[in-house]
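Please read through the structure below; I'll follow up with questions.
The values are calculated or read from the model by the stated rules, or taken from the named source; none is laboratory data. Being a predicted model, the structure only gives us computed values, none of them experimental. Glycine also receives a Cβ, built like all others from the backbone with ideal geometry; neighbour counts cover every protein chain displayed.
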Amino acid sequence: MSATESAPLIEAASACYRDSGRFAWYFARSKLAGDAVFTTILARGLLERCPRILDLGCGQGLLAAWLIGARAVHTGVAPGAWPNDWPAPPQLESYTGVEINPREAARARAAGAHFGHVRVTIVQGDVRHVEYVEADAIVILDVLHYLDRVSQDSVLAKARSALAPGGRLVLRVGDAAGGIGFTVSRIVDTAVALARRRRLIRLYCRPVREWLQVLARAGFSARIVDASRGTAFSNVLLTAQTA
Ligand SMILES: C[S@@+](CC[C@H](N)C(=O)[O-])C[C@H]1O[C@@H](n2cnc3c(N)ncnc32)[C@H](O)[C@@H]1O
């Protein structure tokens with residue numbers, strides 16, 4: 001999708017951050033424009049027919065803003081802007097985000113006030129300890145490597161129990177076998193964590209083939225949707241259903 005084509009989507013999705021200060025608004029615009037995961041989720045219909053979404057490690061709630069912006073574009077705020085070959089975006093009924101960082105959670109909550117009829121709950125807490133609501137889709141983007149291996153397994157087991165029948169998991173993880181791209185991703189994640197938490201943190205990474213085994217052990221049948229080959233990073237987007 002070209003920058004011109006994505007402009008109406010980014011405009012619609014970032015509008016809810018206007019009241020939250022320049023940082024939240026600029027961050028939303030640059031992340032939505034620069035991170036292909038958001039476009040892929042829509043173009044591939046990964047959350048199609050998923051009205052109830054649970055977003056673990058939701059940051060400032062960009063996913064919800066993106067889906068709501070997409071719905072607005074699809075239903076006509078920007079006539080003709082919705083790509084013909086994309087499925088309709090999900091019609092969100094409820095969005096629950098869990099986020100450990102209080103500032104991110106506050107920004108997500110403030111954005112949620114602009115989400116119209118969508119029931120928004122932002123839980124400021126740790127994905128290892130909070131209860132999960134039932135959901136049609138659970139999304140975990142770039143979060144699991146902050147948790148130790150035992151916690152990764154238990155978060156996935158909890159996610160499986162919280163999914164409604166036929167529900168799906170959308171997960172992005174780093175691929176520890178991803179060579180230089182993986183090293184770059186780890187340096188960026190460490191630097192971001194250092195800036196936010198003012199301390200070095202340990203990251204827990206696995207090669208993608210091991211992630212597939214972990215998902216199978218947790219009761220999921222998973223497939224790779226997209227691997228960011230050829231970019232500076234080494235992330236893999238997976239989708240999984242209960243096996
Ligand atoms: C790289 S950001 C991704 C944010 C969001 N998923 C996205 O794609 O825009 C990772 C997020 O996970 C959050 N996080 C890390 N560990 C967490 C935990 N144990 N419980 C809840 N959130 C956590 C961080 O605070 C951060 O906002």
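Determine which member of the set Leu92, Leu171 is under 20 Å from Gln241 (Cα atoms), in contact with a Lys or Arg (Cβ under 8 Å, 6 or more places away or on another chain), modelled with pLDDT of 95 or more and outside any helix (DSSP H, G or I).
Step by step, each of Leu92, Leu171 is checked, and only Leu92 is under 20 Å from Gln241 (Cα atoms), in contact with a Lys or Arg (Cβ under 8 Å, 6 or more places away or on another chain), modelled with pLDDT of 95 or more and outside any helix (DSSP H, G or I).
Out of all the residues in the stretch 135-152, which are surrounded by 15 or more Cβ atoms within 10 Å (Cβ to Cβ) and of a type in the set (Asp, Glu)? Even if it seems obvious, please write down each step before you answer.
First, the residues of the stretch 135-152 that are surrounded by 15 or more Cβ atoms within 10 Å (Cβ to Cβ): 135-147, 151-152.
Answer for the stretch 135-152, where residues must be surrounded by 15 or more Cβ atoms within 10 Å (Cβ to Cβ) and of a type in the set (Asp, Glu): Asp136, Asp142.
Within the stretch 50-59, which residues are out of contact with any Ser or Thr (no Cβ under 8 Å at 6 or more places or on another chain) and either near the ligand (Cβ under 8 Å from one of its atoms) or part of a strand (DSSP E or B) (or both)?
Those that are out of contact with any Ser or Thr (no Cβ under 8 Å at 6 or more places or on another chain) and either near the ligand (Cβ under 8 Å from one of its atoms) or part of a strand (DSSP E or B) (or both): Leu56, Gly57, Cys58, Gly59.
Scan Ser221, Ser234, Ser185, Ser161 and give me the residue that is surrounded by fewer than 13 Cβ atoms within 10 Å (Cβ to Cβ) and in contact with a Phe, Trp or Tyr (Cβ under 8 Å, 6 or more places away or on another chain). Break it down into steps so the answer makes sense when it comes.
On the way: Ser221 fails: in contact with a Phe, Trp or Tyr (Cβ under 8 Å, 6 or more places away or on another chain); Ser234 fails: surrounded by fewer than 13 Cβ atoms within 10 Å (Cβ to Cβ); Ser185 fails: surrounded by fewer than 13 Cβ atoms within 10 Å (Cβ to Cβ).
It is Ser161.
For the stretch 75-100, give me the residue count where each residue is more than 16 Å from the ligand (Cβ to nearest atom) and among the acidic types (Asp, Glu).
The number of residues fulfilling the criteria is 2.
Here's the yes/no breakdown for (1) assigned to a loop (DSSP other than H, G, I, E, B); (2) hydrophobic (A, V, I, L, M, F, W, C); (3) assigned by TED's automatic domain parsing to the domain that holds Asn235; (4) closer than 19 Å to Val123 by Cα:
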residue	(1), (2), (3), (4)
Glu48	yes, no, no, no
Ala64	no, yes, no, yes
Ala81	yes, yes, no, no
Ala88	yes, yes, no, no
Thr96	no, no, no, yes
